[in-house]
Ligand code: ATP
Ligand code: MG
């Protein structure tokens with residue numbers, strides 16, 4: 001497998017003023033041709049640092065792609081660093097000098113002397129033409145083994161030059177190898193619980209590899225399949241994907257670009273079912289997510305945000321005594337909210353959420369993060385009776401701050417509905 005190192009040069013990158021998007025983009029491009037990106041490095045506009053970064057990158061790579069530091073100013077030192085690492089001098093490239101002069105002539109101007117440096121390239125190297133700017137790229141071979149490409153830092157210029165002159169060369173060296181990736185998303189279990197279920201599938205020596213990442217409480221299982229040909233990589237990916245799905249079952253709600261609310265929306269639409277909401281601590285987040293999806297009017301007509309006890313009583317008819325005895329964050333209250341909302345909205349399903357999002361309001365028995373979620377559906381044998389509901393209710397303890405607790409509560413409510421629509425008992 002072709003190993004590629006990526007190096008970004010620029011003070012603005014190491015100081016954090018500019019986010020290095022070039023490296024991420026280059027990695028994606030290289031992955032698609034089956035090359036393995038072995039490192040990302042970033043250094044400032046400092047010649048010694050650039051030289052040592054090139055040397056270090058070369059140790060583990062068959063090719064190095066550098067972006068940045070080839071402008072005309074004194075702080076642009078990549079070409080000098082490349083020459084030093086190659087053990088050679090910069091020499092004038094007459095062809096590019098002529099192009100530069102022509103570039104200014106077309107604008108009715110004379111090339112500033114400062115730009116002459118942009119026509120200097122290390123002896124033995126070749127030019128990568130730049131049709132969008134004055135900084136030509138440089139291509140050279142290091143130690144007879146490592147392909148080195150130096151491109152501008154300006155993303156637009158770098159991308160054009162990379163795709164036109166660098167990628168085809170590396171694709172040929174990579175000889176048909178391919179990396180294909182699938183992300184399978186889950187919600188409801190922690191990363192370690194998911195990893196436990198995956199067992200030996202997560203063995204690092206395996207190909208395709210299986211790994212997990214977490215974002216917004218969603219644990220995603222990433223399958224990377226790298227093989228000598230694209231068709232083999234796809235076959236192996238499919239085989240591993242089915243093993244992962246076998247291990248996780250319906251915990252997987254979707255793949256790649258799928259989002260939870262769209263998956264739930266699709267299930268509701270397929271079953272021609274409607275849903276309503278009765279929310280306290282989530283303040284409408286569940287209905288927001290349900291209506292994120294285009295076409296949501298097919299399954300969502302209305303919902304309630306009943307924040308105060310008085311509102312729970314006045315709008316949804318939750319018994320005041322029940323509120324006083326059990327408290328708003330309790331299974332009986334969440335159950336009543338779901339049951340009554342379903343009856344009033346005449347919906348097939350109803351989701352109710354009542355919890356303590358914090359930072360205040362927690363107690364020893366009900367700490368911050370305690371959230372009751374209820375799901376009401378038609379009672380067995382009475383599909384069209386909205387005043388006769390069967391309710392599933394659960395109490396969760398979500399970690400994190402207010403925003404996290406509200407987010408996880410809404411996702412969990414949707415997840416309970418998803419399991420219901422799949423006709424399976426939720427494992428939480
Ligand atoms: P060139 O080699 O094209 O002359 P340079 O490093 O001399 O590049 P700069 O003026 O430093 O040019 O950068 C040009 C622009 O490109 C700046 O806006 C800079 O923030 C942006 N840039 C440089 N490197 C990156 C990177 N790795 N990711 C995203 N933007 C970048
Ligand atoms: Mg720069």
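Read the figures in this text as sums done on the coordinates, not as results from a lab. These figures come from a predicted structure and were not determined experimentally. Here Cβ is always computed from backbone atoms with ideal geometry, including for glycine, and neighbour counts include all displayed protein chains.
Here are a few things to note about the model shown:
- The sum of -39500 (n - 2.57) across all DSSP H runs of n ≥ 4, divided by the residue count of the chain, sets its helix-only mean residue ellipticity at 222 nm to -11500 deg cm²/dmol.
- Here is the tail figure for segment 145-291: Cα pairs spaced more than 18 Å apart come to 69 percent of all pairs.
- Cβ-based exposure ranking for 169, 40, 185, in which fewest neighbours within 10 Å come first: 169, 40, 185
- Stretched out straight at 0.36 nm per residue, the stretch from residue 325 to residue 183 would grow longer than its current Cα-Cα span by 46.5 nm.
- Segment 249-361, Cα convex hull volume normalised per residue, Å³: 123 Å³
- Choice from 87, 68, 176 with maximal GNM fluctuation in the chain (Cα, 10 Å cutoff): 87
- GNM remark for the chain: springs join alpha carbons under 10 Å apart, and the peak mean-square fluctuation among 273, 178, 233 falls on 273.
- Under the simplified labelling scheme, the residue 360-residue 97 pair shows an inter-label distance of 7.5 nm, with each label point 7 Å from Cα along Cα→Cβ.
- Using only Cα coordinates, the Kirkwood hydrodynamic radius of segment 345-393 works out to 12.4 Å.
- Fewest-first sequence of 127, 66 by Cβ atoms within 10 Å of each Cβ: 127, 66
- Full extension of the chain between residue 307 and residue 234 yields a length gain of 21.3 nm, computed as 0.36 nm times the residue separation minus the alpha carbon distance.
- Taking the inverse of the mean 1/r over every pair of distinct Cα atoms in segment 297-338 gives a Kirkwood hydrodynamic radius of 10.8 Å.
- Pairwise FRET efficiency - residue 215 versus residue 292, Cβ, R0 = 22 Å, nearest 0.05: 0.80
- Across the chain, the relative contact order, built from alpha-carbon pairs under 8 Å that are at least six residues apart, equals 10 percent.
- Stokes-Einstein diffusion for segment 74-127, with the hydrodynamic radius set to the Kirkwood value over Cα pairs and evaluated at 4 °C in a medium of 1.567 mPa s, equals 109 µm²/s.
- When the Cα gyration tensor is reduced to axis lengths a ≥ b ≥ c, the ratio a/c is 1.5 or higher for segment 12-85, and with a/b not above b/c it is classed as oblate.
- Backbone N within segment 219-237 under 14 Å of label point (7 Å from residue 206 Cα along the Cβ vector): 221-226, 236-237
- Placing a label point 7 Å from the Cα of residue 245 along the Cα-to-Cβ direction, the residues of segment 154-189 with a backbone N closer than 19 Å are 180-187.
- Helix 260-270 and the long axis of the chain differ in direction by around 60°, with both axes built from C-alpha atoms.
- Shape call, segment 155-240: gyration tensor on alpha carbons, a/c limit 1.5: oblate
- Going by neighbour counts of Cβ atoms within 10 Å, the residues 187, 396 line up, fewest first, as 396, 187.
- When the square roots of the Cα gyration tensor eigenvalues are ordered a ≥ b ≥ c, the ratio a/c for the chain is 1.5 or more and a/b exceeds b/c, which makes its shape prolate.
- Tilt relative to the chain, helix 47-59 - C-alpha long axis, 0 to 90 degrees, to 10: 70 degrees
- Ranked by the mean number of other Cβ atoms within 10 Å of their residues, highest first, the peptides 239-246, 201-208 come out as 239-246, 201-208.
- Taking the DSSP bridge list for the chain and keeping only pairs wholly inside it, about 65 percent are antiparallel.
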